[in-house]
Amino acid sequence: MASHPTHAPTSTEALAPRRDELARATVATCYERSSYYRSRLQDLGVEPGDIAGVADLERLPVLLGKEDERELQERSRTELGHPFGEHLCVDAADVVAVASTSGTTGTPTFYAFTAEDVAVTDELWGRALTQAGVTRESVVLQAFGLSMFLAGVPLVRAVERLGAQIVPVGAEAGTERLLNVARLVRPTVILCTPSYARYLIEKAPDAIGELGLRSIVCAGEPGAGLPEVREAIEAATGATVYDALGGAHGIMNASTGAHPYDGMVVLGDDCSVQQLVDPDTREPVPVPDDGRPAYGERVKTTLRWRAQPQLRSSVGDVYEMRRVGDTTRIKVIGRTDDLLIVKGVKLYPAAARDLIAGFAPRASGEFRIVLHGPPPRVEPPLRLKVERGGTARQDEDARLAADIARAMHDRLSVRPEIEVVAAGALERTSHKTRYVELAGER
């Protein structure tokens with residue numbers, strides 16, 4: 001099969017005229033082909049001609065949120081006979097592939113792909129994988145969930161298109177079978193969540209270390225950017241750890257494997273626009289050109305997506321974004337719907353995760369925030385379960401709990417109540433780890 005081009009994308013500045021042209025086309029398509037977008041724009045008194053380019057997009061509020069998308073898809077399922085939402089801008093017959101979210105917290109959100117959208121996704125994954133050292137000579141073991149996830153079958157297809165050898169075992173096969181296949185095929189690259197990489201190492205450190213891996217490409221959750229997590233995985237496997245974020249709507253952000261970690265590089269400026277708004281005021285947050293970081297809720301607009309164009313869409317991700325030379329780098333800080341408020345202090349679980357990871361090897365890095373009521377407001381004290389490290393002693397639990405509590409108070413302005421649990425006591429998953437649980441949940 002012929003491989004798709006994976007050349008480095010042109011700088012954002014050089015792409016500016018084309019990006020403006022594509023932004024105008026996206027707004028026009030949404031207005032003409034989606035009753036939802038047309039209604040939203042008309043309510044704002046905006047016509048397609050009012051948006052001349054990328055800069056004008058920031059004049060628009062967030063038009064499509066996560067719950068909006070679910071409601072649109074439920075309505076289209078009952079009224080239009082398809083589950084892709086009233087923001088579908090092509091005939092349903094033009095949809096050639098479908099992926100979805102896991103639906104663990106409700107109805108899954110469906111991602112529709114036309115043939116053109118498939119090609120865009122393959123191209124962007126190709127850029128990220130090439131940056132991670134994947135070549136036609138690579139043997140790539142797929143250890144994400146294969147099911148309906150964006151990093152499942154779509155990623156398998158992208159590796160095939162790149163021309164590398166793909167071994168699509170999938171996390172559903174179970175750890176024993178996956179490791180057995182790995183021993184037989186001797187992969188040079190594994191694709192998985194960082195949580196699953198650590199779980200494989202815990203279960204079979206010798207087997208993983210003997211594979212001779214060169215790269216581990218992580219996605220699906222934050223973690224691969226944490227120094228402690230990366231160093232532990234790399235020390236156990238001898239591979240370089242990369243992280244990636246994207247897989248639909250022309251979004252692809254991926255790290256370079258550099259040490260120290262410097263965030264993910266935006267690889268899809270020719271396919272999408274990523275901008276920031278203040279989570280509270282909803283005003284645009286500019287990103288300086290001098291390398292200083294900006295923080296805000298990420299809002300995306302597609303430039304080369306036919307099926308379900310995203311026009312000022314947000315799922316609530318909070319980013320750090322910096323301009324470094326000709327590139328934009330991002331780090332995921334958390335999610336707006338993960339935000340906890342403890343005595344007026346805002347806390348993202350990702351901040352607690354980063355802090356606790358720094359206590360390795362005394363702590364394994366696994367933890368859970370246990371709530372006795374629905375978020376975001378937390379009745380003090382904030383309660384955490386923190387897992388003891390595999391080589392740590394139980395009689396050191398009290399000191400570990402005190403040290404973590406002190407660090408959280410000093411760095412995050414929150415004084416938690418911590419229960420240290422045995423190594424391996426907290427459930428592992430091949431998918432996204434849920435760091436918050438309600439008391440009594442299983």
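Measuring r between the beta carbons of Arg186 and Ala235 and using R0 = 22 Å, the FRET efficiency lands at 0.60. Under a no-solvent Debye model with one identical scatterer per Cα of segment 112-166, what's log10 I(q)/I(0) at q = 0.24 Å⁻¹? Once normalised to I(0) and log-transformed, intensities are -0.94. The GluC sites (Glu not before Pro) of segment 132-178 that DSSP puts in a loop, and whose beta carbon has at most 15 other beta carbons within 10 Å, are Glu137.
Shown is the FRET efficiency for Ala294 and Arg77, computed with R0 = 25 Å from the Cβ-Cβ distance and rounded to the nearest 0.05: 0.05. The share of Cα pairs per 5 Å bin across segment 256-348, counted from zero up to the longest distance, runs 3, 13, 20, 24, 19, 13, 6, 2, 1, 0 percent. Ordering Asp337, Asp269, Asp289, Asp243 from the fewest to the most neighbouring beta carbons within 10 Å gives Asp289, Asp337, Asp269, Asp243.
One chain, two ends: Glu379 and Arg177. Fully extended at 0.36 nm per residue, the span grows by 68.3 nm beyond their Cα-Cα distance. Of the chymotrypsin sites (Phe, Trp or Tyr not before Pro) found in segment 216-319, none is in coil by DSSP with at most 16 other Cβ atoms within 10 Å of its Cβ. Annotation for Arg406 and Arg393: the two label points, set 7 Å from Cα along the Cα-Cβ direction, are 1.9 nm apart. Taken over the chain, the alpha-carbon convex hull comes to 148 cubic angstrom per residue. Taking the charge dipole of the chain about its Cα centre, with +1 at Lys and Arg Cβ atoms and -1 at Asp and Glu Cβ atoms, the residue from Pro187, Thr114, Gly53 reaching farthest to the positive side is Pro187. Between Asp337 and Lys203, the FRET efficiency estimated from the beta carbon spacing at R0 = 35 angstrom works out to 0.65.
With the convex hull of the Cα atoms taken as the outline of segment 219-274, the averaged projected area works out to 4.0 nm².
Loop-located trypsin sites (Lys or Arg not before Pro) across segment 341-428 with a Cβ neighbour count of 15 or fewer within 10 Å are Lys343, Arg393, with loop assigned by DSSP. Using the Cβ of Arg24 as centre and a radius below 12 Å, the other residues enclosed give a net charge of -3, where K and R count +1 and D and E count -1.
The Cβ shell under 12 Å around Glu234 holds other residues with a net charge of +1, Lys and Arg each +1, Asp and Glu each -1.
Computed over segment 339-438, the P(r) curve from all C-alpha pair distances, binned at 10 Å from the origin, holds 16, 52, 29, 3 percent per bin.
Translational diffusion coefficient, Stokes-Einstein: compute it for segment 122-210 using the Kirkwood radius over C-alpha pairs as Rh, at 25 °C and 0.890 mPa s, and state it as an integer in µm² s⁻¹. The diffusion coefficient I find is 187 µm²/s. Taken about its Cα centre, segment 1-269 carries a charge dipole of roughly 720 debye when the Cβ of each Lys and Arg holds +1 and the Cβ of each Asp and Glu holds -1.
Spatially close Lys pairs in the chain, defined by Cα atoms under 19 Å apart and a spacing of eight or more places or different chains, total 7. Positive-end ranking of Pro260, Gly358, Tyr37 along the dipole of the chain, with charges on Cβ about the Cα centre, is headed by Gly358. Just to confirm a number: summing +1 for Lys and Arg and -1 for Asp and Glu over residues other than Ala158 whose beta-carbon lies under 13 angstrom from that of Ala158, what do you get? The answer is -1.
Between Ser413 and Arg33, residue separation times 0.36 nm minus the direct Cα-Cα distance comes to 131.9 nm.
None of the figures in this text is laboratory data; all of them are computed from the coordinates on show. Note that the coordinates shown come from a computational prediction; the quantities given were computed from them, not determined experimentally. All Cβ positions, glycine included, derive from the backbone under ideal geometry; neighbour counts span all protein chains shown.
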